[in-house]
Amino acid sequence: MTTEAATALERDFARCALRLGDDALVLAQRLCTWITRAPTLEEDLALSNIALDLVGHARALLSLSGRLDGTGRTEDELAQLRDGREFRNTLLAELPNGDFAVTIARQLAFSHYARLHYADLAGCAEPELAALAGRAAREVDYHRLHADGWTVRLGLGTEESRRRMQDGLDLVWPYTAELFAADEAVARLDAAGAGPAPARVLERWRRATAETVSRAGLRLPEPGWSADGGREGLHSEEFGALLAEMQSTYRQYPGGAW
Amino acid sequence: MSAGPVSWEVFLCPRRGLSHSHVGSVRAADVRLAQAAARDLFARRGRPQSLWVVRSQDVHAVLPDEKDPYFAAADGKPFRRPGHFTALGAVGAGLSADADADADEDADGSGVSDDH
Amino acid sequence: MTGAKQATHDPPPGGTTGAERDEADLLTRFEALLAAGESVEPHDWVPDGYRRMLVRQIAQHAHSEIIGMQPEGAWLTRAPTLYRKAVLLAKVQDEAGHGLYLYSAAETLGVDRADLLDALHRGRQHSSAAFDHPALTWADTGAIAWLTDGAAVVNQAPLCRTSYGPYARAMRRVCQEEGFHVQQGYDQLLALSRGTPEQKRMAQDAVDRWWLPAVALMFGPPDTGGAAAGVGAATSRQAMAWGVKRHTNDELRQRFVDLCVPQARELGLTLPDPAIRWNPERGHHDFGPVDWACYRRALPGDSHCARRRIAHRAAAHREGAWVREAAEAYARRSPEAAGEPAA
């Protein structure tokens, strides 16, 4: 382990990995609360499988971030010891689960974005990030199939499911813009050609999600108000509760071995 | 109470060169959900080469009552079995025809064809 | 897996056609199958009692798997490390999977999963009372995996050779995964036991609370020796005659205690039974008699926690009804999605 200060490029990649890792971690945390509460046992399995993939991504990304930023913090130190203001996840990832349709709408937006963005990052200049983005892209591609399938099923199912799925899209979509916003680090990496910014997949994401939504006989809300702040650590009040729950055991036993 | 989603039989091919085998069944409303359920249930460990789901009602077993007329003819024909004849080159080499050892090897005889 | 070529969810014809035949003859054939150690398959004629016993046992087992997801599932959001979170997610997932294998096996006996779940939700069928205890700390997830799953493995390993084919095949899958869970629980408790004094106390407390549910409730009431055996003994005898069970509850309980004692020593934790000591004459560990009062309290499934578990499960089912209906409606509307050839 070198004690030299991280280079500027490494710090930018650390920041980039932290954003991705926090999204994966917080979304996994949300999905975990579905387990034993899903509409079918099969969905208990499906949602836990998705959450498990996301925890895997979070572990790899947070470890990488802790190495690249020069602090040497481990995945757990980053996950369990930061306060809410230091988390860089989008508000989308922390949106409360709502009903199954809200969760599917959130999955639809996130999995399409993650698949495209990870695929882009598989070509980035940070070899470790590139490798894990390549793996993650394949996994979230399955999450996308799951979300697409349920969006269409609910959209074309019953009157009630159609109404709920439309409500879900209406609720979630204003939170999607934040996925594509860059901070300074991401903008620098993109400008230097070192790592593509998420905005580069925005058009493809729009087309792909619109295609699914239209197959489902639903519509996307008109662009209007959109939420942001998560990437700067300005989270929802519910996020405080999510974090308190997630970090409780670790913080309760300082110096513990797990 | 509704009868619930229909039943599907799941066939898994673990890797290239092997045939699909029946691994169990799932219930699902449609074919994509059946594939998803089968994936989550039977392919969490290992990475299979291929996965089939077939509606259970499309599997037509020989009726239990007809098993005798169907299968009894297989008995009493030892000359169909590989170990029945003197092995090639075995004369004088002291090899005995150890018939029944390998005879049952294919007893599982997959009824499902490999190609599609 | 072998021999499962017929559609496993077909209601078996046995029982109805059996009426027209010579029942004694069918029974002889059934008993001959058992005597030959052959497996009984869905289309074979079986006595009603055998079918009822299996449905009850497999359903209870399946219910226990899915209710058993709750105490551990409650800790998914609080796992102390991301590694432990991943491991616990994978384990809870396996339990959902075991539930599905087993419901599927039960369905080969002519019952429907939806009806079995309904019976669970209405309190007409029960899961193992072992899970009707709250998981109070993180260490409980370790203790459940080590002790409750450990008891399950001892109980279930012989079921891989149970006489009913679909059940035996389901159990072979279940056992492969369950053995792995026991190691996981042991590994987790070991980390706590070697951690800070507070962590070790947490581990000991969890073992203290989960020992009795495992040793008593996972194996069922005493069924050997003396008057105390009573009803348990008669049920066990019938189950063994039919090859559904291979060992008495008490034999399996003894095997479990013998396995746990040295493991607890390695863990640096104590089993909360002062009567446990090695008995060189028997070649087994002696342990305190399992208190009948414990069964009387647990069997009606009527504790606070038991009610909460069922209410949780029933609420999930009720709240998901609109999703299941949507999937059914979509399949009806779209024949291609339903797996039928497009017109």
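Listed by first and then second residue, the pairs with beta-carbon distance under 6 Å, at least 6 apart or on different chains, first residue in segment C:260-276 and at positive phi, second of a type in the set (Gly, Ala, Ser) and outside any loop (DSSP other than H, G, I, E, B), are C:Gly268/C:Ser193. The set of residues in segment A:220-247 being surrounded by 15 or more Cβ atoms within 10 Å (Cβ to Cβ) and either β-branched (Val, Ile, Thr) or at the interface with chain C (Cβ under 10 Å from one of its Cβ atoms) (or both) consists of A:Leu242, A:Met246, A:Gln247.
For segment C:155-174, check the following and say yes or no: at least one residue is within 14 Å of chain A (Cβ to nearest Cβ) and either among the small types (Gly, Ala, Ser) or under 30 Å from A:Pro254 (Cα atoms) (or both). No, that holds for no residue. Reported count of residues in segment B:1-39, each being facing another protein chain (nearest Cβ under 9 Å), surrounded by 24 or more Cβ atoms within 10 Å (Cβ to Cβ) and more than 26 Å from C:Arg318 (Cα to Cα), is 1.
Given the criterion surrounded by fewer than 21 Cβ atoms within 10 Å (Cβ to Cβ), closer than 27 Å to C:Val244 by Cα and within 13 Å of chain B (Cβ to nearest Cβ), identify the matching residue among C:Ala106, C:Ala119. Step through it out loud before you land on a result.
Values: C:Ala106 fails: surrounded by fewer than 21 Cβ atoms within 10 Å (Cβ to Cβ).
Just a single option satisfies the conditions, and that option is C:Ala119.
Out of the residues in segment B:40-60 that are within 22 Å of A:Thr40 (Cβ to Cβ) and in contact (Cβ under 8 Å) with a residue 40 or more places away in the chain, state the one that is surrounded by the most Cβ atoms within 10 Å (Cβ to Cβ). Checking each candidate, the answer is B:Val53.
Of the helices (runs of 4 or more DSSP H) lying entirely inside segment C:81-149, the ones with 1 or more residues being of a type outside the set (A, V, I, L, M), farther than 30 Å from A:Ala79 by Cβ and touching a residue at least 60 places away in the same chain (Cβ under 8 Å) are found at C:82-107, C:113-121. All conditions in (1) more than 16 Å from the chain's Cα centre (by Cα); (2) surrounded by fewer than 16 Cβ atoms within 10 Å (Cβ to Cβ); (3) under 19 Å from A:Tyr113 (Cα atoms) hold for A:Gly217, with the sole exception of (3). Quick one: in segment A:248-258, of everything that is loosely packed, with under 15 Cβ neighbours inside 10 Å and in a loop (DSSP other than H, G, I, E, B), which residue is farthest from the other protein chains (Cβ to nearest Cβ)? Going through the qualifying residues, I end up with A:Pro254. Assigned to a loop (DSSP other than H, G, I, E, B) and modelled with pLDDT of 95 or more: is that true of C:Pro42 in this structure? Taking the combined requirement at face value, the residue does not satisfy it.
Only one entry of B:Ser113, B:Ser25 meets the criterion of being part of a loop (DSSP other than H, G, I, E, B) and either modelled with pLDDT under 90 or under 30 Å from C:Glu178 (Cα atoms) (or both), and that entry is B:Ser113.
The residue of segment C:192-205 that is farthest from C:Phe256 (Cα to Cα), among those that are buried (at least 19 other Cβ atoms within 10 Å of the Cβ) and within 13 Å of another protein chain (Cβ to nearest Cβ), is C:Gln199.
Quick one: in segment A:204-219, which of the residues that are touching a residue at least 60 places away in the same chain (Cβ under 8 Å) and part of a helix (DSSP H, G or I) is nearest to the other protein chains (Cβ to nearest Cβ)?
Restricting to residues being touching a residue at least 60 places away in the same chain (Cβ under 8 Å) and part of a helix (DSSP H, G or I), the top hit is A:Arg215.
Would you confirm, using the coordinates I've provided, whether C:Leu100 is surrounded by fewer than 24 Cβ atoms within 10 Å (Cβ to Cβ), within 17 Å of the chain's Cα centre (by Cα) and within 11 Å of chain B (Cβ to nearest Cβ)?
Details: surrounded by fewer than 24 Cβ atoms within 10 Å (Cβ to Cβ): no; within 17 Å of the chain's Cα centre (by Cα): yes; within 11 Å of chain B (Cβ to nearest Cβ): yes.
Considered against the rule, which asks whether it is surrounded by fewer than 24 Cβ atoms within 10 Å (Cβ to Cβ), within 17 Å of the chain's Cα centre (by Cα) and within 11 Å of chain B (Cβ to nearest Cβ), C:Leu100 comes out as no.
In segment A:181-192, which residue that is among the small types (Gly, Ala, Ser) and touching a residue at least 24 places away in the same chain (Cβ under 8 Å) is surrounded by the most Cβ atoms within 10 Å (Cβ to Cβ)?
Step one: list which residues in segment A:181-192 are among the small types (Gly, Ala, Ser), which gives A:181-182, A:185, A:187, A:191-192.
Narrowing further to those that are touching a residue at least 24 places away in the same chain (Cβ under 8 Å): A:181, A:185, A:192.
Working: A:Ala181: 16, A:Ala185: 19, A:Ala192: 12.
Of everything passing the filter in segment A:181-192, A:Ala185 is surrounded by the most Cβ atoms within 10 Å (Cβ to Cβ).
For segment A:92-113, the criterion of a residue being within 25 Å of C:Gly97 (Cα to Cα), in contact with a Gly (Cβ under 6 Å, 6 or more places away or on another chain) and not acidic (Asp, Glu) is satisfied by at least one position.
The values are calculated or read from the model by the stated rules, or taken from the named source; none is laboratory data. Keep in mind the model is a prediction, meaning the values are calculated, not measured. Reconstructed Cβ throughout: ideal geometry from the backbone, glycine too, with neighbour counts over all protein chains shown.
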